[in-house]
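These notes are about the structure you will find just below.
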Amino acid sequence: APQQKDAKDLKPAVPVPECVKTTLSMIKEKATRGDAKNFKEKVLSKPDVQKATAQAKAVLAGWYVKAKEGLPLLTLKQYLALCEKQYLFSELTLGGGVCRFTVPQAKAAYGASAAAPNDGMTVDELIECVARCGVDKYKAVKAMTPAQAIKGLMQNMLGEAEEEEVVTRATYLAAPRW
């Protein structure tokens, strides 16, 4: 039978409300919030990301016109259908991490990017949405910068590169010949 410890050897009991406070503070410390303002300030403001989004806008402007099918704005339903058509929703283990992009992630990015999500999104909002989705999809690949992730998702959307190609290009280290 296991030996019981004397009461004097035990730590003092912590009341339940105090335990809950301590646990919540530990969780809060580690939690991150991916709200629109935070993304715009911390990611979209970087020079390399601005360059990537400018390139994305040049390429995706024509795509946007076709995608909205004559409507004034691109709707969530159209956006999700296009993502589905390009096989963007997936979960793959690449580059030492899981590249995951799901319908809920696409909906969250759409909602955070569009000024009026129920009405649709403009081409500028689409660019922000693509940026959010790219960063989200490739966030587990630590060697990829946000700009590389944005370019990667854009290439995925346009059918120019598969996820594996995107990760390989971003993480490939060339060794000089001897």
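Starting from the range 14-37, take each residue that is at pLDDT below 75 and list its partners that are surrounded by 10 or more Cβ atoms within 10 Å (Cβ to Cβ), counting only C-beta distances under 7 angstrom and pairs at least six apart or across chains.
Final answer for the pair search is 36/112.
Regarding the range 68-76, can at least one residue be identified that is open to solvent by 40 Å² or more (accessible area, probe 1.4 Å), in a helix (DSSP H, G or I) and closer than 11 Å to residue 126 by Cβ?
no
Please work out which residue is surrounded by the fewest Cβ atoms within 10 Å (Cβ to Cβ), limiting yourself to the range 82-115 and to residues that are at pLDDT below 90 and part of a strand (DSSP E or B).
Per the stated criteria, the residue is 93.
Find the residue count for the range 116-128, including only residues that are assigned to a helix (DSSP H, G or I) and surrounded by fewer than 21 Cβ atoms within 10 Å (Cβ to Cβ).
Looking only at that region, the number is 3.
Scan the range 167-176 and tell me whether some residue there is surrounded by 21 or more Cβ atoms within 10 Å (Cβ to Cβ), in contact (Cβ under 8 Å) with a residue 40 or more places away in the chain and more than 18 Å from residue 73 (Cα to Cα).
Taking every residue of the range 167-176 in turn, at least one turns out to be surrounded by 21 or more Cβ atoms within 10 Å (Cβ to Cβ), in contact (Cβ under 8 Å) with a residue 40 or more places away in the chain and more than 18 Å from residue 73 (Cα to Cα).
Condition first: in contact (Cβ under 8 Å) with a residue 40 or more places away in the chain and of a type in the set (A, V, I, L, M, F, W, C). Now tell me which residues in the range 154-166 satisfy that.
Within the range 154-166, 154, 157, 158 meet the criteria.
Is there any pair with a first residue in the range 62-77 that is of a type in the set (Val, Ile, Thr) and a second that is open to solvent by less than 60 Å² (accessible area, probe 1.4 Å) and outside any helix (DSSP H, G or I) whose Cβ atoms are under 6 Å apart and which are 6 or more apart or on different chains, and what are they?
75/120
Any residue at all in the range 144-153 that's open to solvent by less than 10 Å² (accessible area, probe 1.4 Å), out of contact with any His (no Cβ under 7 Å at 6 or more places or on another chain), in a helix (DSSP H, G or I) and without any contact (Cβ under 8 Å) to a residue 24 or more places away in the chain?
yes
Given the conditions (1) open to solvent by less than 80 Å² (accessible area, probe 1.4 Å); (2) closer than 28 Å to residue 164 by Cβ; (3) in contact with an Asp or Glu (Cβ under 8 Å, 6 or more places away or on another chain), report the number of the one that residue 57 does not fulfil.
With respect to (1) open to solvent by less than 80 Å² (accessible area, probe 1.4 Å); (2) closer than 28 Å to residue 164 by Cβ; (3) in contact with an Asp or Glu (Cβ under 8 Å, 6 or more places away or on another chain), residue 57 is out only on (1).
If you go through the range 51-88 one residue at a time, how many are aliphatic (A, V, I, L, M) and under 19 Å from the mean Cα position of the chain (by Cα)?
Number of matching residues: 9.
The values are calculated or read from the model by the stated rules, or taken from the named source; none is laboratory data. Values in this document were obtained by computation on a predicted structure and should not be read as measured data. Backbone-built Cβ (ideal geometry, glycine too); neighbour counts: all protein chains shown. These area figures cover heavy atoms from the full protein model, side chains too; ligands, DNA and RNA do not enter into them. Shrake-Rupley method; radii C 1.70, N 1.55, O 1.52, S 1.80 Å.
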